[in-house]
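The values are calculated or read from the model by the stated rules, or taken from the named source; none is laboratory data. Source: prediction; values computed, not measured. All Cβ positions, glycine included, derive from the backbone under ideal geometry; neighbour counts span all protein chains shown. Quick note on the areas: whole protein, heavy atoms, side chains included, nothing else; ligands and nucleic acids left out. Shrake-Rupley method; radii C 1.70, N 1.55, O 1.52, S 1.80 Å.
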Amino acid sequence: MSPETPRVLVAGIGNVFLGDDGFGSEVARRLAAEPLPENVTVTDYGIRGMHLAFDLLDGYDVLLLVDALPHGAAPGDVTVLQVGEEDLGSGEFDAHGMSPVAVLGSLGSLGGRLPPRTFVVGCEPADVGEGIGLSPAVAAAMDTALSAIRVLIPGDPVDLTSIAKGV
């Protein structure tokens, strides 16, 4: 890996025991089974926020958080958002849970920094009640999410308005 090659972390997050909240974990599992460049690390963090925070201290250039993202869209809709320091604010960090805003917001106090290119690849859940397995709408969104991640992995500038449409 050359010094110019960006280090990329794809972080699947969510609780697999809460239906569609397991979206990020399932995406990470599928992506990890693909051949990927040596500069890309794929990890299913589940609800282990402290683990993610400490891994980010290793200095990544690109962070792709993959998670269920309830925001009023239709179930299965994939959204890609770019996140900067100004988006974090503060949050109460729970060493035994996963609040992405709190985890990312804690990096400075741990001696780290938010990767310069940080994105959330999120999917609108249909059901986050107790149970294992994704709803049909969220399961059908896997290919769109994986396509978006493959576009983001190189760390190049991208048009976020079209990326979640499978470009």
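Applying the criterion of being in contact with a helix residue (DSSP H, G or I) (Cβ under 6 Å, 6 or more places away or on another chain) and aliphatic (A, V, I, L, M) to the residues of the range 32-56, the residue that is nearest to Leu110 (Cα to Cα) is Ala53. Ser2 falls short on exactly one of the conditions (1) open to solvent by 30 Å² or more (accessible area, probe 1.4 Å); (2) at pLDDT 90 or above, and that condition is (2). When the residues of the range 103-117 are narrowed to those that are assigned to a loop (DSSP other than H, G, I, E, B) and open to solvent by less than 10 Å² (accessible area, probe 1.4 Å), which ends up nearest to Val8 (Cα to Cα)? By that ranking, first place goes to Pro115. Residue check: Ser99 meets all listed conditions (1) open to solvent by 40 Å² or more (accessible area, probe 1.4 Å); (2) at pLDDT below 75; (3) farther than 21 Å from Ile47 by Cα; (4) in contact with a helix residue (DSSP H, G or I) (Cβ under 7 Å, 6 or more places away or on another chain) but one, namely (3). For the range 128-142, the set of residues classified as surrounded by fewer than 19 Cβ atoms within 10 Å (Cβ to Cβ) and under 15 Å from the mean Cα position of the chain (by Cα) consists of Met142 only. Screening the range 20-51 for residues that are in contact (Cβ under 8 Å) with a residue 60 or more places away in the chain and open to solvent by less than 10 Å² (accessible area, probe 1.4 Å) and picking the one that is nearest to Pro154 (Cα to Cα) gives Leu31.
Within the range 60-82, being open to solvent by 30 Å² or more (accessible area, probe 1.4 Å) and over 13 Å from the mean Cα position of the chain (by Cα) holds for Asp61, Pro70, His71, Gly72, Ala73, Ala74, Pro75, Asp77.
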